[in-house]
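Take a look at the structure set out below.
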Amino acid sequence: MQQDFGRRSNRDRTEATRADLIAAARKLFTEKSYAETGTPEIVVAAGVTRGALYHHFADKQALFAAVVEQEAQAVADEIDRASPPSLEARDALIAGSDAYLAAMRLPGRTRLLLLDGPAVLGRAAMDAVDNRHGNRSLREGLVAAMRANMVARLPVDALTAMLASAFDRAALAIEAGASAEDYRAVLMALIDGLSPAPRQAARPARTR
């Protein structure tokens, strides 16, 4: 029992140190950018040793990747909370879209996920992060809407990627001071425009 307590205590301390490093790094990365932040600043802000940093992370880039992963997970959590399975498919898409735009307004988040993330980790790595989190939620919502015949049956991966790009562009524009209402109106129109086209009634045969 005492041995288990010791292992649990060590694990708790390890997790706490990792969390402190991620929190300190996030603050500095968003205030100064990834390029302008050095590891000595991070360890001072986290209150740990340089050795502790390299025990948990191979280098600054690995720490940045952990920050990005945590931010992407937080955004996905907000989307999932806003769009539970009890909502109708279209309503869930709208609620999830609003949740994404709201979540991305947290100071520093657009820089981390939409600017520094692709620049530091590369587009392929960021796509993988997105597909584990926000894009995963969007894809699930689109699949549900297609099954409910509220969205046209289109290639779902391509549709997810295109819509996600539109949402990211909106988040960047809003961050820069553009009208959130204008961008939301356009995004909602995009979603509604995905509805299956109504079938035209057959024309009666012409008689002579």
Legend entry - Label point 7 Å beyond Cα of residue 31 along Cβ direction - residues of region 45-73 with amide nitrogen under 17 Å: 45-48
Inset, instruction - Express in nm, to one decimal, how much length is gained between residue 70 and residue 105 on full extension, taking 0.36 nm for each residue of separation and deducting their alpha carbon distance. - result: 11.0 nm
Inset, instruction - State in Å² the accessible area per residue of the chain; use a 1.4 Å probe, count heavy atoms of protein chains only, and round to the nearest integer. - result: 60
Inset, instruction - Among 59, 80, 130, determine the one that fluctuates most according to a GNM of the chain built with springs between C-alpha atoms less than 10 Å apart. - result: 59
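At a Förster radius of 45 Å, what calculated FRET efficiency corresponds to the Cβ-Cβ distance of residue 143 and residue 19, to the nearest 0.05? Before the final figure, lay out the partial values.
Details: r = 34 Å, r/R0 = 0.75.
Given R0 = 45 Å and the Cβ-Cβ separation, E is 0.85.
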Legend entry - Which labelled figure in (1) 1.44; (2) 1.07; (3) 1.33 is Cα Rg over 2.2 N^0.38 Å, once derived from the coordinates: (3)
Legend entry - region 30-100 - convex hull of alpha carbons, volume per residue in Å³: 115
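Which percent of the accessible heavy-atom area of the chain goes to carbon and sulfur, probe 1.4 angstrom?
On the way: 6700 of 12390 Å².
Percent of accessible area from carbon and sulfur atoms in the chain: 54.
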Legend entry - Inter-label distance for residue 179 and residue 81, nm, one decimal - labels placed 7 Å from Cα along Cα-to-Cβ: 3.0
Inset, instruction - Note the angle between two axes, namely the Cα long axis of helix 180-192 and the longest principal axis of the Cα atoms of the chain, as a number of degrees from 0 to 90, rounded to the nearest 10. - result: 50
Legend entry - Principal-axis tilt of helix 156-175 within the chain, Cα atoms, nearest 10 degrees: 70
Inset, instruction - Specify the angular offset, from 0 to 90 degrees and rounded to the nearest 10, of the alpha carbon long axis of helix 134-147 from the longest principal axis of the alpha carbons in the chain. - result: 20
Inset, instruction - Considering only 33, 137, 83, give the residue with the highest GNM mean-square fluctuation for the chain, with springs between Cα atoms whenever their separation is below 10 Å. - result: 33
Inset, instruction - Using a 10 angstrom cutoff on alpha carbons, build the Gaussian network for the chain and name the most mobile of 128, 166, 99. - result: 128
Inset, instruction - Run the quick spin-label model on residue 124 and residue 169: label points 7 Å from Cα toward the beta carbon, then report their separation in nm to one decimal. - result: 2.6
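Given the -39500 (n - 2.57) contribution per DSSP H run of 4+ residues, what per-residue ellipticity at 222 nm results for the chain, rounded to the nearest 500 deg cm²/dmol? Working shown, then result.
On the way: 10 runs with 146 residues, N = 208.
Helix-only estimate at 222 nm: -23000 deg cm²/dmol.
The values are calculated or read from the model by the stated rules, or taken from the named source; none is laboratory data. On a predicted model such as this, the values are computed, not experimentally measured, just so you know. Positions of Cβ are generated from backbone atoms using ideal geometry, with glycine treated the same way; all protein chains shown enter the neighbour counts. Quick note on the areas: whole protein, heavy atoms, side chains included, nothing else; ligands and nucleic acids left out. Shrake-Rupley method; radii C 1.70, N 1.55, O 1.52, S 1.80 Å.
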